[in-house]
Amino acid sequence: MSLTIFFFEPCKKSFLSLFHIKLKAFTKDFLEEYDIPTAKYKNFTDANEAIAYVESLDIDGGDRQVVKASGLAAGKGVLLPTTKAETIDAVKEIMSDRAFGDAGDTCVVESFMTGPEASCLAFCDGKTAVLMPAAQDHKRALDNDEGLNTGGMGAYAPAPCVTPDLQKEIEAMCIKTVQKMAERGTPYVGVLYAGMM
């Protein structure tokens, strides 16, 4: 008796473009370059420059930011400060204290968004994408989402916040992403993750 297992994975070139470059920073720059919707952001490799940027914002007046370690941080590298002082501390935690190791070599500071979140996964063949039903998970610990980011605990699908029209819009973004990756010479074959809000 023999068993055959079929699988697919990104080719080496597209894998390296996504994973040897700092993930979140690369993604934000890619989305901006190709006019794919994303929150306003800035990437930093220098903690002092990141802190100076944070100092220039009116965070306490409503321009709240999210601070992210750009690399892989086991789902824990996104900090949700609420004040300017906490935002500066978040930058220091990621970049100076190296709380997430090399994942924090590059830091992304982006506008805080509110609303329901959905995780969208699309099968990609290097030319196009087909979106699976959106899922939702519970990100923050404690009642009223007052705790730390957990990286997700418990999930359900389909996500009721993703209407059929929104599903089509998200799929179009995924298709555009795959097409632009191919145009860059890094066709992506695999599963594309799109975190939506």
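What is the calculated FRET efficiency for Tyr53 to Glu146, with r their C-beta to C-beta distance and R₀ = 25 Å, to the nearest 0.05? Each step should come with its number before you reach the end.
Numbers: r = 27 Å, r/R0 = 1.08.
It comes out at approximately 0.40.
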Within the stretch 47-71, backbone nitrogen closer than 16 Å to the virtual label 7 Å beyond the Cα of Lys40 toward Cβ: 53-67
Relative contact order (percent, whole number), the chain, Cα cutoff 8 Å, 6+ residue spacing: 23
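Do the sum for the chain: with -39,500 (n - 2.57) for every DSSP H run of n ≥ 4, divided by all residues, what is the mean residue ellipticity at 222 nm, to the nearest 500 deg cm²/dmol?
Details: 5 runs with 57 residues, N = 197.
Helix-only estimate at 222 nm: -9000 deg cm²/dmol.
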Simple spin-label estimate for Glu86 and Asp125 in nanometres, 7 Å along Cα-Cβ: 4.7
Label of the coordinate-derived value, Rg and Dmax of the Cα atoms in Å, listed as (i) 16.2, 52; (ii) 17.9, 68; (iii) 19.4, 69: (ii)
Within the chain: Cβ-based charge dipole about Cα centre, in debye rounded to nearest 20 (Lys, Arg +1; Asp, Glu -1): 700
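For the stretch 16-90, what is the accessible area per residue in Å² when the probe is 1.4 Å? Walk me through the numbers before you get to the answer.
Details: 3890 Å² over 75 residues.
Solvent-accessible surface per residue comes out at 52 Å².
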Within the accessible area of the chain (1.4 Å probe), percent carbon and sulfur: 56
Sites excluded, trypsin sites (Lys or Arg not before Pro) in DSSP loops with at most 16 other C-beta within 10 Å, longest stretch of the chain: 128-183
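The values are calculated or read from the model by the stated rules, or taken from the named source; none is laboratory data. What you are looking at is a predicted structure, and each value in this text was computed from that prediction instead of being measured. Counting neighbours? That spans all protein chains shown, and the Cβs are built from the backbone with ideal geometry, glycine included. The area values use the complete protein model at the heavy-atom level, side chains included, leaving out ligands, DNA and RNA. Shrake-Rupley method; radii C 1.70, N 1.55, O 1.52, S 1.80 Å.
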